[in-house]
Structures are given as structure tokens and as C-alpha cells.
Amino acid sequence: MSPMRHQSHRTSLPTWNRRTFLTAAFAGGAVLPALARQQPAQGTQIPAQQPRDWSSQDPVRYPDPDIVALDNRFRRYIIGNTSIKRLYTGTLWAEGPAWSGAGRYLVWSDIPNNRQLRWIEDDGRVTVFRNPSGFSNGNTFDLEGRQLSCEHGGRRVVRYEHSGAVTVIAEKFQGKRLNSPNDAVVHQDGTIWFTDPPYGIRGNYEGFKGESETKPAIYRVDPKSGQIDLVTDELGGPNGLCFSPDYKRLYVADTGTGREIRVWDVDGKTARNGKRHVQLTIPGSANTPSVADGIRCDVDGNIWAGARPGVQIIAPTGEPIGMIRLPENCANVCFGGSRRNRLFMTASQSLYTVYVEAQGAGVA
């Protein structure tokens, strides 16, 4: 928010006139968060993360101290009178959040417990949605509202039909079994793009220990014809992925040797001109490395990445501009709610949420 020009020499607020002051006060918020958003973020010291009782219903003083602007570009997405909430705790490793607009619920995976959970918006209940789940990891929904899940256990990508039947979308490439599909995203043309690192077959905790038959890779599936195409196998650990709002760019988090987010130009079935988009560090920690896991894009092209110390937000030009600090490692995120302005975060043993002035791009 830009400062107001002087309207009177008698005003006691040099950058705000009385009308602006009262408008801000009655519009919901409070003047303090609005004033705080005017302060420069770049070059300022980041306040240390303070202990917080997430199990308590005690209110948090606004603005939430764990929603932090690293750059002034992030301030437009901060709501000054909202706070981070923990909706559930009790998983072993929470992953793969996806929002069902028709069902008004969030589904996510508890991989080691071999189940999917569901948070229902109407009353905040959490139920066991699927058990067993095939040790599912990433989830999303297609253009017809059908859930897609990446299974470590079955080494496949499946679709849950409206009838309850299960359709296998991909389980082999050129006659060889996939490794352990990790995350999936749906293109506007209906094709399904997914990553296939070996993480789910390295042991028996998140699936079944097994041998790799193919290189870690990114694939594209035409669900109508069943045709599976290799997009690229140049990453050691392809993980979360998302499209830009116009579907012209593909972003993929590499949690292998690269430990970076890479970007490609999308040209039909292919992805070209791959390059590093950003390599993350923990803000304020003297270049301590961080690594992105699950990622989502908003309608302005920013990437919201599960990455220590919680969620990091990266501008379309590749600079980190903000962060949401959590007490646990965040694996993945998605946007939900009727306006797609509610960020859901699966973090280790818990599910968190916060309202933001951003809207999610894509399907789920």
C-alpha cells in the first residue's frame, strides 16, 4: 500500500489523512497491520521465531508474527488480521493436500500409515477417507473433479471414478515398472504430468522396498489414449511440480543432487530450455540451505513451496519474497476454499491453514 499524500498541514499522521485512517479501521482491519505493510522489507532483520502453543485456542496478536515479508512484493498477499491455524495433528508424514471444490473438503496423505485423511469444511471434522491408500503421496483432481493419487505401494498413478471404481493411469513405461510416483498436476488440455523419484521404494516405511527399473523422471499421460511420454529424466529427485497460470512453464522441485526448483518452457508434449529457477536458503540464517518439496502456483505466477522454515514464496522472477514459519517441516501445500484464497499446508505430523490475498492457479 503506497503512502497517502498530505491533505492538511494539521493532520497528526504525516502519511495518512483522517479518511484513510477511518476507512482502514472500519474495513476490517486495523491500522497497525496496514502501516506495517508500508515498512521496507528488504535489508531488514528477520525477527526470530518464537515458541507458540499450537494446541491452544488462545488468540494470536495481529499481524501474525510468523507470516514474514522478505520483499515488499509479498506485502500485498498478507492479510493483517488473520492467523495461521493448526487443523489437525496425528499423522506420521503428511503429504499431498488437494482441495475438492464440489465436496468442500481437503484430502491429504498420511504415507507411513497407509491412509488418506479428509478435513471437511462444514464443521472442521477430520475423517479417515481411504485405508489402505496404496501408501499414496501426492493427490490432485482432474478437470472432471475426479481424484488422482500417486501410490508408492502400487508404484502407479490412479484415478478414483465417481462410481468408486479405481482406474490405473500409469504403472509402467516401456514395459518397466515405475519407481514410486510422487506428485501430479493436470494440464488445461486434460493430460496428467507426474514425477517419479525412487523415494518410496528405498525402504518399507513409506511403501515397499524395491529395485529401480527406470531412471527418476517426469512423465506426461494422455488419459484418453493411455499414451505415456517421457518429459525429462535429467533430475536426480523430481518431486513437487506445478504449471504457471498460463500453462506455458513447468516448475519442478528437485530434491536430489540439484536441490533446486527448475523451470521449463512447455511446448505441447515436451518441455524445453530447462534451467534453475531458484535455489533456496533459510531466510536470515546465513545461507543455510533449504529445499523445496511440494509446490503450487498462484494466479500471479508466484510459487508457494513447502520448504524450511515452513512455506517460502518465490516471485515469477525467481526471488524469495516471503515466508510462513511453521513448527514442523512442511512437505506440501495447496489452495482451497470457495475463493481459493486459503492456503493448506501439510507439515510432518499436522495440517495447517491460513488465509492469504492470493488465489491458487490450476485445478487443485
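Within region 38-61, residues that are of a type in the set (Phe, Trp, Tyr) have Cβ atoms under 7 Å from residues that are assigned to a loop (DSSP other than H, G, I, E, B) and modelled with pLDDT of 90 or more in these pairs: Trp54/Pro327, counting only partners at least 6 apart in sequence or on another chain.
Quick grid of which residues meet (1) without any contact (Cβ under 8 Å) to a residue 40 or more places away in the chain; (2) not aliphatic (A, V, I, L, M):
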| position | (1), (2) |
| --- | --- |
| Gly101 | no, yes |
| Leu106 | no, no |
| Arg125 | yes, yes |
| Glu144 | yes, yes |
| Leu148 | no, no |
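Looking only at region 150-162, decide whether some residue is surrounded by 15 or more Cβ atoms within 10 Å (Cβ to Cβ) and within 17 Å of Tyr355 (Cα to Cα). No, region 150-162 contains no residue that is surrounded by 15 or more Cβ atoms within 10 Å (Cβ to Cβ) and within 17 Å of Tyr355 (Cα to Cα). I'd like the residue in region 334-364 that is in a loop (DSSP other than H, G, I, E, B) and hydroxyl-bearing (Ser, Thr, Tyr) and, out of all such residues, is nearest to Gly306 (Cα to Cα). Only one residue tops the list, namely Ser348. Close contacts from region 81-96, counting a first residue that is under 22 Å from Tyr199 (Cα atoms) and a second that is aliphatic (A, V, I, L, M) and in a loop (DSSP other than H, G, I, E, B), with Cβ to Cβ under 6 Å and a gap of 6+ residues or different chains, come to Trp93/Ile111; Glu95/Ile111; Glu95/Ala331. Report, by residue number, each residue of region 336-355 that is over 16 Å from Gly124 (Cα atoms) and open to solvent by 10 Å² or more (accessible area, probe 1.4 Å). Result: Arg339, Arg340, Asn341, Ser348, Gln349. Residue check: is Lys215 of a type in the set (Lys, Arg), over 25 Å from Asp246 (Cβ atoms), free of Cβ contacts under 8 Å to residues at least 24 places away in the same chain and open to solvent by 40 Å² or more (accessible area, probe 1.4 Å)? So Lys215 passes the test. Go through region 228-265 and give me each residue that's assigned to a strand (DSSP E or B) and in contact (Cβ under 8 Å) with a residue 60 or more places away in the chain. Scanning region 228-265 gives Gly240, Cys242, Phe243. For region 132-141, the condition of being surrounded by fewer than 16 Cβ atoms within 10 Å (Cβ to Cβ), more than 19 Å from the chain's Cα centre (by Cα), part of a loop (DSSP other than H, G, I, E, B) and without any contact (Cβ under 8 Å) to a residue 12 or more places away in the chain holds for none of the residues. All of Gly207, Gly203 fail the test of being assigned to a loop (DSSP other than H, G, I, E, B), of a type outside the set (Phe, Trp, Tyr) and free of Cβ contacts under 8 Å to residues at least 60 places away in the same chain, apart from Gly203. Condition (residue is in a loop (DSSP other than H, G, I, E, B), open to solvent by less than 10 Å² (accessible area, probe 1.4 Å), among the β-branched types (Val, Ile, Thr) and under 24 Å from Arg325 (Cα atoms)) applied to region 84-98: is it met by at least one residue? Yes, some residue in region 84-98 is in a loop (DSSP other than H, G, I, E, B), open to solvent by less than 10 Å² (accessible area, probe 1.4 Å), among the β-branched types (Val, Ile, Thr) and under 24 Å from Arg325 (Cα atoms).
Of the set (1) free of Cβ contacts under 8 Å to residues at least 24 places away in the same chain; (2) under 20 Å from Val299 (Cβ atoms); (3) open to solvent by 20 Å² or more (accessible area, probe 1.4 Å), all apply to Gln188 but (1).
Taking first residues from region 345-362 that are among the acidic types (Asp, Glu) and partners that are part of a loop (DSSP other than H, G, I, E, B) and open to solvent by 10 Å² or more (accessible area, probe 1.4 Å), the Cβ contacts under 6 Å between residues at least 6 apart in sequence or on separate chains come to Glu357/Ile79. What number of residues in region 99-108 are open to solvent by 10 Å² or more (accessible area, probe 1.4 Å), in contact with an Asp or Glu (Cβ under 9 Å, 6 or more places away or on another chain) and assigned to a strand (DSSP E or B)? Here the count works out to 1.
To keep it simple, each residue is scored yes or no on (1) hydrophobic (A, V, I, L, M, F, W, C); (2) closer than 27 Å to Trp108 by Cβ; (3) modelled with pLDDT of 95 or more.
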position: Asn17; (1), (2), (3): no, no, no
position: Gly29; (1), (2), (3): no, no, no
position: Asp66; (1), (2), (3): no, yes, yes
position: Gly80; (1), (2), (3): no, no, yes
position: Gly90; (1), (2), (3): no, yes, yes
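For Arg249, are the conditions met, namely being at pLDDT 95 or above, closer than 16 Å to Asp189 by Cα and not aromatic (Phe, Trp, Tyr)? Considered against the rule, which asks whether it is at pLDDT 95 or above, closer than 16 Å to Asp189 by Cα and not aromatic (Phe, Trp, Tyr), Arg249 comes out as yes.
The values are calculated or read from the model by the stated rules, or taken from the named source; none is laboratory data. Quick caveat: nothing in here was measured; it's all calculated off a predicted structure. Every residue, glycine among them, receives a Cβ derived from its backbone with ideal geometry; neighbour counts consider all protein chains shown. Accessible surface is based on the protein model in full, side chains and every heavy atom, while ligands, DNA and RNA are left aside. Shrake-Rupley method; radii C 1.70, N 1.55, O 1.52, S 1.80 Å.
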